[in-house]
Structures are given as structure tokens and as C-alpha cells.
């Protein structure tokens, strides 16, 4: 019986040349309206961002691809990732979903393809979707595969069946929500923690009583205080701790001042 470490060793031996660690800082386009996405991505590329994170469920993959093309950068200079939505889980459906996303983005190969979230009630479909990701990796259509929003119990179930250990688990991590136990599990299996909402923007748009943007302790930690006062120091903290952060910014000016 293979152990988790055996599977990780096999992944390293078979796919090391395909696995490309994501840049430490990237741009997420969740809630970015399609008309604004092209300009935001183009500005991010010209400012120095090299990772763009989108998803089929964001409905802006086509605009992400156009923004990258307008930036003038070579495809090899951009780390591009997207996610499969749960309605496309299942082996054949997930393979087809990859084709749709690649066509919209205008690429032949993705740097990273994730499952957007687990579906515990029908986890067999989640496993079949991940098996499709393993096929895409083996076929060279993606350079790395992973998951998003998987908790420890979901990772345990996945690792018990998977041949390839996820390269990444993209999860909510910010000053108010550290998920330390999950991050320790990532470290034990060689999984990169990719943080969404790394400066706590979720505390604002979910209408929470306590917002990171207003926190006096966090504000005091940053001497710059431009537009989004937490951004430079808080994102730097994620980078220093070997996480990958992808804040969500839509307008060119905030992107340039990040």
C-alpha cells in the first residue's frame, strides 16, 4: 500500500520538470466585472505582477486572456491559473471544462489548474474531477494541479486516493483567520499555501463588524498608508512566511501603487 510520502516522491520524480512554483504575489480577479478586467490585468502585467488567478465561476477568463495579450508579455513570462467549478466535476466533464477555459484564455497550456472547492456530499465526483486533473498533468496540458478551499478532512480523503499530491491549496488566510493547522498539514505534504483575501478584504465585503482595513493595530504597522493602508506590510508578511498571496484589485491605480 502506498503512503502519502510514496505518492509525493512519485509526483516529484515524474513531474518535477512540469511543476513551476507560483510567484509569491499575484492578482486575483474575483468579483472583477468583465469590462474592467482587461484593463486591470494589463496594468498588473505592466506593473510587474506575473501571476493572474481567475476561475470559470468568475466569468472573466476571456477578459483575463485579452489583458495578458495587450500587456505585450510573452506567455512564458506569465503564471496563469484558473479553477474548475463544481458543476463541471466528474472525469469527462472536467476534461471538457479545461478545454473551455483554455479556449477562453487563449492558451494551450495552463500553469496551474485547481478544483474550486470540495463537494463533500458527492465526494466521488470531486475525486473523479481530480483524476481528470492528473490526466491533464500527465498529458502536458497543465504544468501543475491543485485544489482550493479544501479543509484537512477533504485533503485526507483526496490524498488517500490521488496519485499526485496537490501542488497548491488556495484558502482564505489573512490577519484574522490564519488556519494554522491546515497550513501545518500543507507543509507536511509539500503543498503550497496560496492565500486569497490576504489583507482581509473579505471582512469588508461580507459586512463583518470588524474590518481589517479599519484595524488600528494593522494600520499602525504600515507607515505608507496609500489607498489600501495594509497592503505593503501585510502582503510582505505573507511572502516572508513562504505563502503565495493574490489580492483582489480591479482598478489600474491601486494596482500600480501596490
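The values are calculated or read from the model by the stated rules, or taken from the named source; none is laboratory data. What you see is a predicted model, and the numbers here were worked out from it, not measured in a lab. Glycine also receives a Cβ, built like all others from the backbone with ideal geometry; neighbour counts cover every protein chain displayed.
Residue-wise test of (1) under 23 Å from residue 99 (Cα atoms); (2) touching a helix residue (DSSP H, G or I) at 6+ places or on another chain (Cβ under 9 Å); (3) buried (at least 24 other Cβ atoms within 10 Å of the Cβ); (4) touching a residue at least 40 places away in the same chain (Cβ under 8 Å).
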| position | (1), (2), (3), (4) |
| --- | --- |
| 129 | yes, yes, yes, yes |
| 132 | yes, yes, yes, yes |
| 136 | yes, yes, no, yes |
| 140 | yes, no, no, yes |
| 144 | yes, yes, yes, yes |
| 153 | no, yes, no, no |
| 165 | yes, yes, no, yes |
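Anything in segment 56-84 that is within 21 Å of residue 171 (Cα to Cα), touching a helix residue (DSSP H, G or I) at 6+ places or on another chain (Cβ under 8 Å) and either buried (at least 17 other Cβ atoms within 10 Å of the Cβ) or without any contact (Cβ under 8 Å) to a residue 24 or more places away in the chain (or both)? List them, or say none.
56, 60, 61, 80, 82, 83, 84
Restricting to segment 1-55, what's the tally of residues that are at pLDDT 65 or above and in contact with a helix residue (DSSP H, G or I) (Cβ under 7 Å, 6 or more places away or on another chain)?
Residues in segment 1-55 being at pLDDT 65 or above and in contact with a helix residue (DSSP H, G or I) (Cβ under 7 Å, 6 or more places away or on another chain): 21 in total.
Could you please let me know if residue 83 is assigned to a helix (DSSP H, G or I), under 18 Å from residue 29 (Cβ atoms) and modelled with pLDDT of 95 or more?
Details: assigned to a helix (DSSP H, G or I): no; under 18 Å from residue 29 (Cβ atoms): yes; modelled with pLDDT of 95 or more: yes.
The answer is no for residue 83.
Can you say whether residue 73 is more than 17 Å from the chain's Cα centre (by Cα) and not in a helix (DSSP H, G or I), as far as the supplied structure shows? Write out each step before concluding.
Details: more than 17 Å from the chain's Cα centre (by Cα): yes; not in a helix (DSSP H, G or I): yes.
It is true that residue 73 is more than 17 Å from the chain's Cα centre (by Cα) and not in a helix (DSSP H, G or I).
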